Amino acid sequence: MTASAARRAPGPGRLAIQFGVAFALAMLAMGVIVFLVAEERIAQRIDDALQVHVTKFLRPVATGPASDADVIARIQEWQRRKMLSERTYLFYDATGRLVAGRLDLAAPQPGYSDVTFMGGGRKPQKGRALATRRPDGSLFVVVQHSEAAASLRALLPSVVAAIFVSALLVGLAATILFARLTARRLAETQAAADAIAQGDLTRRIPSDRLDGMFAVQAESLNRMLDRMEDMVNAQRQFSSHLAHDLRTPLTRLRGLLTAETAEADRVRLLERAERECASIITIFDALLRLAEIETGRHPSAVRDLPLRAMLEDIAETMEPVIADAGCALELGRLEPVRVRGDADLFNQMIVNLLENVVTHTPAGTRATLSLEQAGESALIAIDDDGPGLAEGERDRVLLPFERGKGSGLRRGSGLGLAITRAIVRFHQGSLELADNAPGLKVRIRLPALPDAVPAA
Amino acid sequence: MRVLVVEDDAVIADHITACLGTLGYRPERVASGEDALAAVERQRFSGMVLDRLLPGMSGIEVLARMRAERRLPPVVMLSALGTVKDRIEGLAAGADDYLAKPFDMDELVARLNAVTRRAAPVPPPDAGLAVGRLKLDPSSHSVLFLDRTIELNRKQFSLLAHLMRCADRLVTRGMLLESVWGYAFTPTTNIVESNMSRLRARLEELGCDPIDTLRGSGYVLRSERCR
């Protein structure tokens with residue numbers, strides 16, 4: 001998309017036409033249904049009326065059932081009173097000859113039927129007839145001129161057309177209006193997005209003039225932008241820290257290599273140079289590992305992990321290391337909890353945390369490793385009684401290359417806790433550093449597997 | 001022992017061939033996958049050091065071609081791509097071991113040594129593992145020497161078992177972390193050293209001290225000290 005196309009106010013597009021047509025078609029369908037129902041009801045009422053009149057004209061006289069003459073007399077009586085009516089009464093004798101009534105119509109079949117006759121001798125008219133065969137073979141017929149139904153039908157095409165056109169217009173208008181209103185609300189979002197694309201990461205979508213879903217969307221986008229700004233800042237921070245952490249050993253290395261050195265000291269110098277190389281390599285290894293975990297490129301074999309056995313195994317491995325540093329590792333309560341996870345990453349997570357005890361606490365520190373089921377979580381706790389971390393430092397040390405103020409000797413890559421946090425995130429868990437008064441309390445919560453389900 | 005070194009970086013290739021030469025290997029150097037295929041066609045090699053990123057044909061393709069032609073010697077693959085995934089790909093393609101650059105020459109030699117031996121018949125696993133009069137009992141995690149027995153913890157036991165299987169050969173820390181601990185990460189503390197010192201202390205209780213530390217590189221279990 002070109003810049004000018006992006007800036008042009010967006011029209012309602014195909015949406016308006018699609019919506020208008022859909023609305024019109026829906027109205028059309030509704031009109032047809034209403035018409036069909038109305039016609040059905042009218043036909044039913046005509047049939048009911050016909051039945052009423054048949055009963056009325058064939059009603060018995062005082063001496064018994066009405067004779068043909070009685071019925072004919074009733075027809076003629078009615079004809080005298082009414083010159084114009086939407087009904088006509090006819091009487092045919094047993095041979096089918098019309099003996100009473102004024103309508104040019106051949107005797108219809110008994111029962112209900114649709115008939116056509118010449119009304120006033122000029123044009124054919126349609127009607128509804130109810131014919132009743134009498135015991136002596138004569139036929140009494142009531143015909144209702146179905147003008148109402150006919151006029152209703154005649155109305156249909158124009159009504160349908162009117163409904164369709166007006167629904168189409170209303171639909172289009174509503175959509176265009178809706179699109180305009182939507183576009184106006186989206187304009188601010190668009191402006192903010194353009195500004196951010198230009199590099200202004202602090203820009204946010206003003207949500208005070210928005211309501212409903214637009215406000216919700218703006219807030220959600222703003223949250224995303226907050227997170228992205230954090231990430232970009234973290235990335236910048238990360239790059240500058242990385243440059244610093246690499247320059248330091250590189251500078252020392254160059255200093256060593258360019259220094260005037262006596263022949264006898266050469267071996268020692270080379271060893272120191274190699275140590276500086278090793279520390280650069282350590283940083284790169286850790287960086288690679290961190291990137292691998294964070295981007296999900298770690299080839300992970302996720303399976304059920306029996307945490308108790310794994311922690312016992314790690315404690316067995318780390319106990320001599322911690323003891324050699326003059327500290328002590330104790331096993332607290334270890335409940336049998338299982339989680340879904342990657343064994344290699346889990347091992348690294350716990351080893352990293354225990355290595356921090358070795359690296360960042362003085363001799364004599366006691367650390368305790370424990371595991372319990374806390375609700376739906378496996379809660380792994382590593383507590384020590386070392387110097388701990390100040391309130392403000394606890395969040396900071398989780399970031400790459402951030403170290404606690406106390407750690408004067410800069411051992412390690414500075415990425416241990418960042419890797420630990422990435423592993424915790426990989427397992428959808430949470431990592432918390434707290435005050436152990438004195439010392440540091442590390443809490444890892446991972447979603448635990450339910451007890452009853454056997455290992456898959 | 002003839003070893004083919006396939007590496008396009010002249011400095012690294014010089015370093016490897018010079019080092020292997022002083023250790024009694026007969027290294028032959030080529031700089032591309034195509035030359036490597038031609039070389040294995042001419043003669044048999046007991047081992048190969050293969051760089052993964054080569055100009056033209058990649059190390060992975062070289063492995064595939066040699067495997068198809070049934071001319072694949074035991075291989076240690078070298079690569080600047082050091083993630084776990086790259087390693088798994090290399091091993092899946094037919095490499096016997098995988099070493100990320102930058103590496104230590106001792107590490108390379110130890111691993112080359114291990115893979116060329118691996119081509120020879122492998123001794124049966126743990127059951128009744130013995131070197132001289134030093135014997136392991138896997139069922140009770142105990143170790144026997146002469147008439148004395150001590151129990152080891154699981155880590156010490158696996159550590160000793162691994163050293164015994166590789167008796168008289170250099171085993172580096174990296175190799176131990178991979179095969180005894182199964183860790184794919186690099187710990188920052190001396191996990192191997194601390195556990196090794198515990199193991200050696202336990203073995204001294206038995207009156208047997210067969211493990212030598214080679215400074216900076218690793219450990220060797222000497223079979224003649226188990227008699």
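Take the conditions under 30 Å from residue A:233 (Cβ atoms) and either at pLDDT below 95 or not assigned by TED's automatic domain parsing to the domain that holds residue A:314 (or both) and apply them to residue A:365. Does it pass?
Numbers: under 30 Å from residue A:233 (Cβ atoms): no; either at pLDDT below 95 or not assigned by TED's automatic domain parsing to the domain that holds residue A:314 (or both): yes.
No, not satisfied.
Pick from segment B:71-84 the residues that are surrounded by 14 or more Cβ atoms within 10 Å (Cβ to Cβ) and within 14 Å of chain A (Cβ to nearest Cβ): which of them is farthest from residue A:286 (Cα to Cα)?
Just the residues of segment B:71-84 that are surrounded by 14 or more Cβ atoms within 10 Å (Cβ to Cβ), to begin with: B:71-79, B:81-84.
Checking the rest, the ones that are also within 14 Å of chain A (Cβ to nearest Cβ) come to B:79, B:81-84.
On the way: B:79: 17, B:81: 13, B:82: 11, B:83: 10, B:84: 12 Å.
Among them, the one singled out is B:79.
Out of curiosity, is residue A:353 part of a strand (DSSP E or B) and at pLDDT 90 or above?
No: the conditions fail for residue A:353.
Can you find a residue that is closer than 23 Å to residue B:148 by Cα, modelled with pLDDT of 85 or more and more than 14 Å from every other protein chain (Cβ to nearest Cβ) anywhere in segment B:111-129?
Within segment B:111-129 (the criterion being closer than 23 Å to residue B:148 by Cα, modelled with pLDDT of 85 or more and more than 14 Å from every other protein chain (Cβ to nearest Cβ)), the answer is no, since none of the residues qualifies.
Would you say residue A:309 is assigned by TED's automatic domain parsing to the domain that holds residue A:418 and either surrounded by fewer than 15 Cβ atoms within 10 Å (Cβ to Cβ) or in contact with a Cys (Cβ under 9 Å, 6 or more places away or on another chain) (or both)?
Considered against the rule, which asks whether it is assigned by TED's automatic domain parsing to the domain that holds residue A:418 and either surrounded by fewer than 15 Cβ atoms within 10 Å (Cβ to Cβ) or in contact with a Cys (Cβ under 9 Å, 6 or more places away or on another chain) (or both), residue A:309 comes out as yes.
Against the conditions (1) touching a strand residue (DSSP E or B) at 6+ places or on another chain (Cβ under 8 Å); (2) not in a strand (DSSP E or B), where does residue A:313 fall short? Just the number, please.
Result: residue A:313 fails condition (1) only.
Only residues in segment A:320-338 that are within 12 Å of chain B (Cβ to nearest Cβ) and among the small types (Gly, Ala, Ser) count as the first member; pair them with residues that are surrounded by 15 or more Cβ atoms within 10 Å (Cβ to Cβ) and not in a helix (DSSP H, G or I), Cβ under 8 angstrom, at least 6 apart or cross-chain, and list the lot.
A:323/A:329; A:325/B:189
In this structure, is residue A:110 of a type outside the set (Val, Ile, Thr) and surrounded by fewer than 12 Cβ atoms within 10 Å (Cβ to Cβ)?
No, not satisfied.
What pairs come up if the first residue lies in segment A:168-185 and is closer than 15 Å to residue A:213 by Cβ, the second is at pLDDT 80 or above and assigned to a helix (DSSP H, G or I), and their beta carbons are under 6 Å apart, counting only those six or more places apart or on different chains?
Here the result reads A:185/A:214, each pair linking segment A:168-185 to a residue that is at pLDDT 80 or above and assigned to a helix (DSSP H, G or I).
Of all residues being facing chain B (nearest Cβ under 9 Å) and surrounded by fewer than 20 Cβ atoms within 10 Å (Cβ to Cβ) in segment A:339-350, which is modelled with the highest pLDDT? Just the residue, please.
Filtering segment A:339-350 for residues that are facing chain B (nearest Cβ under 9 Å) and surrounded by fewer than 20 Cβ atoms within 10 Å (Cβ to Cβ), the one modelled with the highest pLDDT comes out as A:343.
Taking segment A:285-306, which residues are over 21 Å from residue A:378 (Cα atoms) and exposed (fewer than 15 other Cβ atoms within 10 Å of the Cβ)?
Within segment A:285-306, A:291, A:295, A:296, A:297 qualify.
Are any residues in segment A:140-171 aromatic (Phe, Trp, Tyr) and under 21 Å from residue A:85 (Cα atoms), and if so, which ones? Reasoning before the result, please.
First pass over segment A:140-171, keeping only residues aromatic (Phe, Trp, Tyr): A:140, A:164.
Listed by number, the list holds a single entry, A:140.
From the list B:221, B:170, exactly one residue is crowded, with 20+ Cβ neighbours inside 10 Å, in contact with a strand residue (DSSP E or B) (Cβ under 9 Å, 6 or more places away or on another chain) and not basic (Lys, Arg). Which is it?
None of the others qualify; the one that does is B:221.
Out of A:139, A:169, report the one residue that is in contact with a Gly (Cβ under 9 Å, 6 or more places away or on another chain), loosely packed, with under 14 Cβ neighbours inside 10 Å, assigned by TED's automatic domain parsing to the domain that holds residue A:76 and modelled with pLDDT of 85 or more.
Values: A:139 fails: loosely packed, with under 14 Cβ neighbours inside 10 Å.
Every option except A:169 fails the conditions.
Going by what's in this entry, would residue B:88 be described as modelled with pLDDT of 90 or more and either over 28 Å from residue B:60 (Cα atoms) or outside the structural domain of residue B:217 (by TED's automatic domain parsing) (or both)?
No: the conditions fail for residue B:88.
Enumerate the pairs (first residue in segment A:30-44 and charged (D, E, K, R); second residue anywhere and surrounded by 14 or more Cβ atoms within 10 Å (Cβ to Cβ)) with beta-carbon separation below 9 Å, excluding pairs fewer than 6 apart on the same chain, so at least 6 apart or on different chains.
From segment A:30-44, the pairs are A:39/A:149; A:39/A:152.
I'd like the full set of residues that are assigned to a loop (DSSP other than H, G, I, E, B) and not hydrophobic (A, V, I, L, M, F, W, C), limited to segment A:185-237.
Those that are assigned to a loop (DSSP other than H, G, I, E, B) and not hydrophobic (A, V, I, L, M, F, W, C): A:198, A:199, A:200, A:202, A:203, A:204, A:206, A:207, A:208, A:209, A:211.
Have a look at B:199, B:152, B:163 and point out the one that is touching a residue at least 12 places away in the same chain (Cβ under 8 Å) and more than 14 Å from chain A (Cβ to nearest Cβ).
B:163
Would you check which residues across segment A:286-310 are within 12 Å of chain B (Cβ to nearest Cβ), of a type in the set (Lys, Arg) and not in a helix (DSSP H, G or I) and list them?
Of everything in segment A:286-310, just one residue is within 12 Å of chain B (Cβ to nearest Cβ), of a type in the set (Lys, Arg) and not in a helix (DSSP H, G or I), namely A:297.
Considering segment B:1-59 alone, what residues qualify as being within 21 Å of the chain's Cα centre (by Cα), in a helix (DSSP H, G or I) and surrounded by fewer than 20 Cβ atoms within 10 Å (Cβ to Cβ)?
If the condition is that a residue be within 21 Å of the chain's Cα centre (by Cα), in a helix (DSSP H, G or I) and surrounded by fewer than 20 Cβ atoms within 10 Å (Cβ to Cβ), then B:12, B:13, B:15, B:17, B:18, B:19, B:21, B:22 are the ones that fit.
Give B:73, B:102 a once-over and let me know the one that is under 29 Å from residue B:179 (Cα atoms), at pLDDT below 90 and in a loop (DSSP other than H, G, I, E, B).
Values: B:73 fails: at pLDDT below 90.
Only one candidate qualifies: B:102.
Give me the pairs: first residue in segment A:69-97 and part of a helix (DSSP H, G or I), second residue among the basic types (Lys, Arg) and exposed (fewer than 13 other Cβ atoms within 10 Å of the Cβ), beta-carbon distance under 9 Å, and six or more apart or on different chains, which are they?
Note: pairs meeting the criteria are A:74/A:56; A:74/A:59; A:79/A:102.
Can you report the number of residues in segment A:131-172 which are in a helix (DSSP H, G or I), touching a helix residue (DSSP H, G or I) at 6+ places or on another chain (Cβ under 7 Å) and not β-branched (Val, Ile, Thr)?
The total comes to 9.
Filtering segment B:60-70 down to residues that are more than 25 Å from residue B:103 (Cα to Cα) and charged (D, E, K, R), which residue is surrounded by the fewest Cβ atoms within 10 Å (Cβ to Cβ)?
So the residue we want is B:70.
When you check residue A:419 against the structure, is it within 14 Å of residue A:354 (Cα to Cα), aliphatic (A, V, I, L, M) and modelled with pLDDT of 85 or more, yes or no?
yes
Looking at residue B:186 and the list (1) under 21 Å from the mean Cα position of the chain (by Cα); (2) within 12 Å of another protein chain (Cβ to nearest Cβ); (3) in a helix (DSSP H, G or I), which single condition is not satisfied?
(3)
Filter segment B:202-227 down to the residues that are free of Cβ contacts under 8 Å to residues at least 12 places away in the same chain and within 21 Å of residue B:144 (Cβ to Cβ) and list them by number.
B:204, the sole residue that qualifies.
The values are calculated or read from the model by the stated rules, or taken from the named source; none is laboratory data. Not measured: the values here are computed from a predicted model. Backbone-built Cβ (ideal geometry, glycine too); neighbour counts: all protein chains shown.
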